Structures are given as C-alpha cells and as structure tokens.
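As structure tokens, the structure follows; a few thoughts come after it.
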Amino acid sequence: MGAAPASLTLVALAGVPLVAAGDDLAGLILEALAASGQTLAAGDVLVLAQKIVSKAEGRLVDLRAVTPSARAHELAALTDKDPRIVELVLAESTEVIRARRGVLVVAHRLGLVLANAGIDQSNVAQGDGDEMALLLPVDPDGTAARLRAELAARTGVAPGVLIIDSIGRAWRQGTIGTALGAAGLPGLLDLRGRPDLYGRALRTSELGHADEVAAAASLVMGQADEGRPVVLVRGLPPAARDGRAAELIRPPQMDLFR
C-alpha cells in the first residue's frame, strides 16, 4: 500500500431499505449504488453497519424466549441490567472483564473487549415493548469475504468490504466506528522500516488501517435516525494484501492492562 492519500471521497448510499433475516445484502447494495448514481470501481471500499449484517443473518433475539441463569441474575442485580440481556451477553462472551452499576464489559468470543458483548436494542424494531435484541454477526470477517466475492461475481469488481460498529475505548469518552469484519484490505498496516521525514526508519509503527477507514465512514453513516448503513469509500491507495479485522485484536500475552 502506498503513501497516505491526500483526499478521500465518502458517499453514504441512498435507498438502503430496512433489512430483514435472509435478505440479499449484495443485491441491496447494488440497488443502492444505482440509486446513488454510483458504480463500483477498482479500489473502492464498501463499509456496512453491523446492524444490517446481523439482521440479514438472523441475529435478532426475542428476549421473551431467554431464560436467565443464576449468574445472569447475579450480574443483572450488580449492573442494574435486564437479566435476559445479561444472559445473552454471557453466552456471547468468554470472560467478564468489569461489572458495576450500569457497566458490563466483557471479552467477546470474537476477541473484542467491549460493553454488553455488542448486544444492542437501538435501531431495532421492537413491536410491543423492548423485547428484541440484536447480536453481533457470527463471523464478520467471513461475511465480509463472502460479500466481496458475491459483488465481484455480479459486477466484475471486487471491492474491499468492512463491517463496522460503534465501540467505546478504554481511557476515552464516546464511541467510534471500529472494524468488526474486513476483506480486500489489511486490518493492520505494518509501516515498520519506512522512513520518516528525516530518513529514520520507523521501528514500531503499525496502523489500525481498517479502524481508521471505519471511523471515517462512521462520520457520514450517522448513529441515530439517518438510515445510511452503507458507505462507499473511494481514493484509498491500492491494498497491498487482503486482510481481516481479526488482525486488530491484541493478543492476550501483549495485553498489559487486563
């Protein structure tokens, strides 16, 4: 991958409908591209909100069918959360990192450390009462790769694909767009060995490339009622290699703070 681009174009695609289980995401994206007056070109990256991927994959759960365990009730009392949500969090997690009133931070089975295992009820049709919750995709890297292949088969162009979510960070207020799944571009970009302004070789610089693209796309995607879950990113340097978002997970032996 070459030098950092001097400019990027980010377009939130119009006309993406509300997504339901079993929907053809590739087809919906192509329709949205056409509605926005866009066609895929080499080097393009498509950024998808996690919610439409989870909905298409049937990751919506009816809380009325969830039976909380004793551990879920214990944590629910400590955190002041719905014990059914806590049960889902435990099922999606490998470790409880922190629990206190209003906060439940876990290690997700995908390796992410995040609040509530990424389980959310916002922008989810609820019907009567808040009875539906949405889980993260089972394999977002795999989904990104499959979607890239489907788009290539239909258009002849294989775009990069990112699946992103808004995730909080240790020591920083607020959430930021973060890559959950990636295909067609590196998750982690190794800049070690490149010269700085004075010709000194960089020794430790590794760039969270997919996360930087995710954060940029999140700015135009929005977080509330905008209804813009797919963003076309154009102008990135050619990807030196394929990659996955899993590259961005810090290995446990390198985690100095847990």
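The values are calculated or read from the model by the stated rules, or taken from the named source; none is laboratory data. These numbers were taken from a predicted model, which means no experiment stands behind them. Neighbour counts are summed over all protein chains in view; Cβ atoms, including those assigned to glycine, are modelled from backbone coordinates with ideal geometry. Protein only, heavy atoms only, side chains kept; ligands, DNA and RNA dropped before computing areas. Shrake-Rupley method; radii C 1.70, N 1.55, O 1.52, S 1.80 Å.
Computed with every protein chain present, the accessible area of D196 is close to 60 Å² [probe 1.4 Å]. Using R0 = 30 Å, the C-beta based FRET efficiency linking R100 and R228 works out to 0.30.
The modelled label-to-label distance for the pair E206/R258, using points 7 Å beyond Cα in the direction of Cβ, is 1.5 nm. For region 170-226, the solvent-accessible area of protein heavy atoms averages 61 Å² per residue (probe radius 1.4 Å; ligands and nucleic acids excluded).
Computed from the C-beta positions of Y198 and S69, the FRET efficiency with R₀ = 41 Å rounds to 0.10.
May I ask for the percentage of alpha-carbon pairs in region 23-138 that lie more than 22 Å from each other? Across region 23-138, Cα pairs with separations above 22 Å total 43 percent. Name the shape class, rounded, prolate or oblate, that the alpha-carbon gyration tensor gives for the chain, where a ≥ b ≥ c are the square roots of its eigenvalues, rounded holds for a/c under 1.5, and otherwise prolate holds if a/b is larger than b/c and oblate otherwise. The shape class here is oblate. To put it simply, the accessible area of region 18-166 at a 1.4 Å probe is 51 percent carbon and sulfur.
Shape class of region 105-182 from the alpha-carbon gyration tensor: oblate, with a/c at 1.5 or above and b/c at least as large as a/b. Please compute the net charge surrounding D165, taking Lys and Arg as +1 and Asp and Glu as -1 over other residues with Cβ under 12 Å from its Cβ. Computed value for this residue: -1.
With all protein chains kept in place, the per residue accessible area of region 71-115 amounts to 51 square angstrom at a probe of 1.4 angstrom.
Cα centroids of region 1-79 and region 85-143: 15 Å apart. Please state the shape class of region 115-258: rounded when a/c is under 1.5, otherwise prolate if a/b exceeds b/c and oblate if not, all from the C-alpha gyration tensor. Oblate, since a/c reaches 1.5 and b/c is not below a/b. In the chain, Cα pairs under 8 Å separated by at least six residues give a relative contact order of 25 percent. Summing Lys and Arg as +1 and Asp and Glu as -1 over all other residues whose Cβ lies under 9 Å from the Cβ of A107 gives a net charge of +1.
Between A4 and V138, the contour length at 0.36 nm per residue exceeds the Cα-Cα span by 45.0 nm. Here's how it looks for D120: its modeled amide H is under 5 Å from those of L134, which are all 5 or more places away or on a different chain. Could you work out the percent of alpha carbon pairs in region 17-68 separated by over 16 Å, rounded to a whole number? Tail of the P(r) past 16 Å holds 53 percent of the pairs.
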